[in-house]
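The values are calculated or read from the model by the stated rules, or taken from the named source; none is laboratory data. Worth saying up front: this structure is predicted, and the values here are computed from it rather than measured. When we count neighbours, we look across all protein chains shown, and the Cβ atoms used for this are built from the backbone with ideal geometry, even at glycine. Accessible surface areas use protein heavy atoms only, side chains included; no ligands, DNA or RNA. Shrake-Rupley method; radii C 1.70, N 1.55, O 1.52, S 1.80 Å.
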Amino acid sequence: MTASILVTSRSFSSGTVDVAARLNAAGYDVVSASPGHEIDALAPHLKHVVAWIAGTAPVTAEHLALAPALRVVARYGVGVDSVDIAAAEARGVRVTNTPGANSESVADLALALLLSSLRNVSAGDRAVRAGDWGAIRGREIASLTIGVAGYGRIGRSFAARVVALGARVHAFDPYLPAGSDSPEGVTLVDTFDELAGCDAVSLHVPGGQRLVTADWLRGAAGTALVNTARGDLVDEPALAAALRSAAVSSYAADTLDGEGGMHAASPLLAADLADRVTITPHLGAQTVDAVDRMGTGSVDNVLAVLDGIDPPNPVRPASTPTLGKAVR
Ligand SMILES: O=C(O)CC[C@@H](O)C(=O)O
């Protein structure tokens, strides 16, 4: 019987590179299943598969227990907050990801969301459709100090973009070695709290932790908040209150807590916040360019593990840092 590889990422076969053909050529069947990772939908496949190319939905100990032949969970993307890495390790299942594959794409979207917020693009579109051609005032990006939480690959790419447009950046990343240098226009700060005073803040840190809490929001003064990372970084009820009190001027995010199923109940989707809240359906990595790199990278990882060699991008528990309070 041919061994099977399970694919649950949303866009695996939609790039310009035929990544499934590489798996077939190596002698594996490719089975696609629900990106929501519902146990009932996945259980019949998990029984047989030797590898799983996974999207952003959780990969839990329960899934892993149903997959006796599984040798590798390859995240199609970067974030591994969705994978129970300890449970995988305990079962001898390797976990891999594709670092850098979507950095430029996510940084582009973060900039798009920031500019959209600053210039009221969504609110303007809604106004026109409602028959209103009035003026809505925004801010120039070059007049702003922008906080960047997480100064890794994506944070740096985003910072470079806004500095090129004339903004100043304050970046926070506790994993930078003390005394690290930063490029012109970027000042490294010591705490996430220091970013609350910035005109805008963009989040580029791993999920599984709460950074934007009611406490942090008390320090905000009209901040435009952008989140292309993970929905659980934000206390959504507290943020909805901060938007209503104008402590936060806008929220533009590519993610919601419980996205892909539970997100419809988010307090951030309330009708009275619609002009100041913009949400996109996790599009950050969904470019032709990033899809090709994530597909190629995840296939490289899977084939290496199945060939019995070290994958190019292994993930270990110690390489998943946290900055805020854990939420799981
Ligand atoms: O769209 C995807 O599957 C990638 C998601 C992205 O957040 C990542 O973890 O790299």
Kirkwood-based Rg to Rh ratio, segment 118-186, C-alpha trace | 1.18
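Sort the following peptides by mean Cβ neighbour count (other Cβ atoms within 10 Å, averaged over residues), highest first: 9-19, 204-214. Walk me through the numbers on the way to the answer.
Details: 9-19: 17.1, 204-214: 21.3.
Ranked by mean Cβ neighbours within 10 Å, highest first: 204-214, 9-19.
Once you have the Cα-Cα distance between L283 and A26, take 0.36 nm times their residue separation minus that, and quote the gain in nm to one decimal.
89.5 nm
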Looking at segment 24-175, what % of the alpha carbon pairs are farther apart than 20 Å?
-> 63
With every protein chain present, what is the per residue accessible area of the chain (1.4 Å probe, Å²)?
-> 45
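Return the carbon/sulfur percentage of the accessible area of segment 103-279, one whole number, probe 1.4 Å, all protein chains in place. It would help to have the intermediate numbers written out before the result.
Working: 4290 of 8020 Å².
Carbon and sulfur: 53 percent of the exposed surface of segment 103-279.
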For segment 1-63: rounded, prolate or oblate by the Cα gyration tensor [a/c cutoff 1.5] | oblate
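Please work out how much length the chain gains when fully extended from D190 to D132, using 0.36 nm per residue of separation minus the C-alpha to C-alpha distance, in nm with one decimal.
Values: separation 58, 0.36 × 58 = 20.88 nm, distance 4.49 nm.
Roughly 16.4 nm would be gained on extension.
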When the Cα centres of segment 65-119 and segment 134-192 are compared, how far apart do they sit, in Å?
-> 23
With viscosity set to 1.002 mPa s and temperature to 20 °C, compute the Stokes-Einstein D of the chain, Rh being the Kirkwood radius across alpha carbon pairs; µm²/s, no decimals.
-> 103
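In the P(r) worked out for segment 19-99, what percent of Cα pairs fall beyond 15 Å? Show your work: numbers first, answer last.
Details: 1749 of 3240 pairs.
Of the Cα pairs, 54 percent sit more than 15 Å apart.
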What number in nm² do you get for segment 103-279 if you take the convex hull of its Cα atoms and divide its surface by four?
-> 10.1
Would you grab the residues whose amide H sits under 5 Å from the one on D81? Only those 5+ places off in sequence or on another chain, please, with H modelled 1.01 Å from N.
-> G207
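Classify segment 182-304: rounded, prolate or oblate, from the alpha-carbon gyration tensor (a ≥ b ≥ c, eigenvalue square roots; a/c under 1.5 rounded; otherwise prolate if a/b is larger than b/c)? Working shown, then result.
Numbers: a/c = 2.19, a/b = 1.39, b/c = 1.58.
It comes out oblate by the Cα gyration axes.
For D40 and S143 in the same chain, what is the full-extension length gain: residue separation times 0.36 nm, less their Cα-Cα distance, in nm? Mind dumping the intermediate values first?
On the way: separation 103, 0.36 × 103 = 37.08 nm, distance 5.20 nm.
The span from D40 to S143 would gain 31.9 nm if fully extended.
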For segment 180-232, state what percent of all Cα-Cα pairs lands in each successive 5 Å bin, counting from 0 Å until the bin that includes the largest distance.
-> 4, 17, 26, 27, 17, 7, 1
Residues with amide H under 5 Å of R71's amide H, sequence separation 5 or more or different chain, H placed in the peptide plane at 1.01 Å from N; which?
-> A51
Only Lys, Arg, Asp and Glu count, each charged at its Cβ (+1, +1, -1, -1), so figure out the dipole size of the chain about its Cα centre, rounded to 20 debye.
-> 100
